[in-house]
Amino acid sequence: MLNSVRYILVLLALLCLFRALPALSQTISVPTARDPKYNFAINPKYNSRINPRYNTSIDPKYNTSLDPRYNTSIDPKYNTSLDPTYNSSLDPTRSRWSGYYVFDLDADVSGVAVRANDKFFVLYDTRPKWTGYFVSNGKNGFNWFTKEGEWIGYLVHNSERGFNLFSPDGNWLGFLN
């Protein structure tokens, strides 16, 4: 009797594994409307309005209201409502969260962006370790900062419900959905 129960459990486990295999082998494809390689309107290399290098109003180096080093209201070191160390609702391991999954260009999950408010997201890697944050640029995008407040990139709305992630030089690094 005990051997037949074990046999049934092993069969059930194998059945579950084989049903999951097709899902594991599928990749996420980015629709061309949301892919900056094909949609130049969302590609900062071709659209200067969304590129901080050419539009100083969204560049924290020139617009200090967007730079947490000069604007403490957007710096988690000074605004504890934006700091997951003090605000547990921003910790994806402690509470239900809203926001986005972060993907690299191979469509692998690289982290999550937890919404603190309409103008701020806390960024975690997959461990999940707090690594940085996104601050609204006031123009339908966000600037990306390290946890220490160094500007390292930006998000551009992808014309759907997510964002594309770029380096300061306009290189596409990933996307948020």
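The values are calculated or read from the model by the stated rules, or taken from the named source; none is laboratory data. Just so we're clear, the structure is a prediction, and the values are computed from it rather than from any experiment. Counting neighbours? That spans all protein chains shown, and the Cβs are built from the backbone with ideal geometry, glycine included.
In segment 103-120, how many are modelled with pLDDT of 95 or more, aliphatic (A, V, I, L, M) and out of contact with any Phe, Trp or Tyr (no Cβ under 6 Å at 6 or more places or on another chain)?
Residues meeting the conditions: 1.
Filter segment 97-151 for residues that are closer than 12 Å to LEU66 by Cα, among the hydrophobic types (A, V, I, L, M, F, W, C) and touching a residue at least 40 places away in the same chain (Cβ under 8 Å) and give the result.
Of everything in segment 97-151, those that are closer than 12 Å to LEU66 by Cα, among the hydrophobic types (A, V, I, L, M, F, W, C) and touching a residue at least 40 places away in the same chain (Cβ under 8 Å) turn out to be PHE120, VAL135, PHE145, TRP151.
Which is in a loop (DSSP other than H, G, I, E, B), modelled with pLDDT of 95 or more, hydroxyl-bearing (Ser, Thr, Tyr) and more than 19 Å from the chain's Cα centre (by Cα), of TYR46, TYR38, TYR54, TYR78?
None of the other options fit; the residue is TYR78.
Kindly provide the set of residues from segment 148-177 that are in a loop (DSSP other than H, G, I, E, B), within 14 Å of the chain's Cα centre (by Cα) and under 24 Å from ARG96 (Cα atoms), ordered by number.
Matches in segment 148-177: ARG161, GLY162, ASN177.
Going by the conditions given, is SER88 surrounded by fewer than 14 Cβ atoms within 10 Å (Cβ to Cβ), modelled with pLDDT of 90 or more and either closer than 18 Å to PHE142 by Cβ or in contact with a helix residue (DSSP H, G or I) (Cβ under 7 Å, 6 or more places away or on another chain) (or both)?
Taking the combined requirement at face value, the residue does not satisfy it.
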